[in-house]
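These notes concern the structure reproduced below.
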Amino acid sequence: MIQLSNAGKRFGHKLLYENLNWLITPNERSGLVGGNGTGKSTLLKVIGGMDTLDMGDLTQTKGVTTGYLPQDGLSLSGRTVFTEVMSVFDRLRALEVEMEALTHSMPELDPSTPEYAAVADRFHRIESEFTAHDGYALESQAGTVLTGLGFKKEDWTRRTEEFSGGWQMRISLAKLLLEKPNMLLLDEPTNHLDLEARNWLEDYLKNYPYAFVLISHDRYFLDVTVNKIVEIWNKGVHFYSGNYEKFLSEKEMRKTTLEAAYKNQKEKIEQLEAFINRFRAQATKAKQVQSRIKELEKIERIEIPPDEKTIHFTFPQPKPSGKVVAEFKNVGKSYGDKFVFDKASFVIERGERIALVGPNGAGKSTMIKLLAGLEPLTTGDYTLGHNVGVDYFAQDQYKELNGDAKMLDDLRSIAGMKTETELRSLLGCFLFSEDDVFKRISVLSGGERNRYALAKLLLQPSNFILLDEPTNHLDMRAKDVLLEALSSFTGTVVLVSHDRYFIDKLATKVYEIDHGEVVVFPGNYEDFHFRKQGGVAAMEAGLKSSVASSASSSLASAEQQQAAPDSSKKRVNPIKLKQMQQDCTKLENRVSQLETDIATCEQTMSNPSSQDELMAASQRVQKLIEDRDATMQKWEVAAAALEELQ
């Protein structure tokens, strides 16, 4: 469909990539990844025809349509939201108007005339096209996409200029999805989406009928939407089959192979150079020396690019608070006539990491502000625990910074015993490198200032941290630094984030805010999502069904052996009962053995002797866990049946 041949691109004097050969097929599902500044967005623009190559060629099949969504910067005005998104159907609606005109003109023509035949033929052709594009359901399509992206019905009639930049990007995304180009190009499409809208977009892309290539720093989003990873690395473009998780493991193997090849080549070069230097002056060895020189010149040197350093940043741990950190008792919040939530009651305990989730506008940011003491309660009571100190990170935290200060100087003033190298490493994690660290805060963009504010927070945390969308504007490396820092944090964390991977790795509880209620779910977002989809109810129902079936079967067998109506103590066949007891014991022992084996494998994984051993142990652990869970379920069914009989 689209083919790049020996393609290369420069940014100024810097070579981004070269010798790129990529055939983008009609069913392409690719994620474009790479370090900051490697040229991901530039390559996306090249594919979309908005930028040109410096080397090589780009060709595409006739009739290919592309749709491109940038990271930000789009602005719409002059129409309502619904009218704006319906504008993508202008051509189809024009066909509908023409169809209606032809319908009225046909009865006025003689069916035997050429004029009638021409009108009928035209009507048939445009109706076929109109139907093929589901033209009779255009408004329904628009409504489905707008709802999925978080627009309420009352938003549809509002003018587009009333919405913020993030919502403007959602409108632009809605238009692209409704256009359905056969090459969809999305640059960070989840940046302006909450979890619910992001989940909807996942499902939409899974069923998208054409090709798409996207850039995202959301690992989970990449894992569930793409089947190929295209990485820009070391001035080249490399392809990996599978999702992002598989890419990480394959990349590590590729890196190991490259390092081994580099080592072998280096040894060979050293041997050739040693021979040349040793026998260069001997006339009898001149022929062999020249042969070695030519061989040396032909060698294409393998380069090992410098890796981005993995930063393990630890910040000072806070003073411990009391066991109860915060408590809500029948708390309600409203703004005038607008009701947010009512009678919210919960207790936050020391060490908990809580994720607030819910649809856009449900009150997640409001809840964070109430916990921070920045908003007054409408009703109820809020109590902070003993020795609790609060830090609040807002979506627009940059407004609280001193614009006249330079970043490095500002950090140094609160850094305590941290060295300049440590401070520069921290800033590097948040994409500030080299001379950037000497910039004044006032010259940074909003996104850059928010990144800096987050880095600053890590240096002086209180024991109760409240984070509202902390992962915005962060790449995967910066997210990993933040995730590791918060995971080792001994205080208490409440956060709002639309990054599912981040929540899954961090949260120990999920608070769902929706329709004026706050509901507490134990576990991470995956556990919450499983419960919301009816997973627990379905599992319990299946288990009860299995138990009931097993117990019913055993009871029926026992009752058949009943000697007399009054011999109730002999209803159960003792041989059958003993057999069931032995089965339960065997299953218990099997579960215990599997857990021992899992622990042994995990110990191996913590200190592997090689990459192959690590991968083998990882696969074995996964198999053992699956076996243990299946055995545990069998034991639960057998134990319940045995208890029923006894």
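Things to note:
- Fraction in percent of alpha-carbon pairs per bin - 10 Å, region 324-530: 8, 34, 34, 19, 6, 0
- About its Cα centre, region 32-150 has a charge dipole of approximately 560 debye under the convention of +1 per Lys or Arg Cβ and -1 per Asp or Glu Cβ, with nothing else charged.
- Sorting the segments 77-86, 50-59 by their mean number of nearby beta carbons within 10 angstrom, highest to lowest, gives 77-86, 50-59.
- Considering only region 324-530, percent of DSSP beta bridges that pair antiparallel, nearest 5: 55
- Amide H contacts of LEU467 (H built 1.01 Å from N, in plane; Pro and chain starts excluded): PHE393, VAL494, LEU495, VAL496 sit under 5 Å, all sequence-distant by 5 or more or on other chains.
- Kirkwood hydrodynamic radius computed over region 185-290 comes to 17.8 Å, based on all pairs of distinct alpha carbons.
- Candidate lysines - alpha carbon under 25 Å from LYS40, same-chain residues fewer than 8 apart omitted: LYS9, LYS14, LYS175, LYS180, LYS206, LYS228, LYS235, LYS246, LYS251, LYS255, LYS309, LYS479
- Overall Cα dimensions of region 143-201, principal axis frame, Å, largest first: 31, 23, 20
- Alpha-carbon Rg/Rh ratio, for the chain, with Rh computed the Kirkwood way: 1.06
- Tail fraction, Cα-Cα pairs, region 332-454, threshold 24 Å, whole percent: 46
- Rounded to the nearest 500, the helix-only mean residue ellipticity at 222 nm of the chain stands at -15500 deg cm²/dmol, with each DSSP H run of n ≥ 4 adding -39,500 (n - 2.57).
- For region 250-298, pairs of C-alpha atoms spaced more than 17 angstrom apart make up 46 percent of the total.
- From least to most packed, judged by other beta carbons within 10 angstrom and beginning with the fewest, LYS152, LYS180, LYS364 follow the order LYS152, LYS180, LYS364.
- Each peptide among 225-234, 271-280, 320-329 gets the average number of other Cβ atoms lying within 10 Å of its residues, and from highest to lowest they stand as 225-234, 320-329, 271-280.
- Among 479-487, 631-639, the order from most to least packed when residues are scored by Cβ within 10 Å on average: 479-487, 631-639
- Quotient of the Cα radius of gyration of region 55-150 and 2.2 N^0.38 Å, N being its number of residues: 1.54.
Rule-based calculations on the coordinates, nothing more; no lab input. Predicted model only: the values in this text are computed from it and were never measured. Glycine gets a Cβ as well: all are built from the backbone with ideal geometry, and neighbour counts include every protein chain shown.
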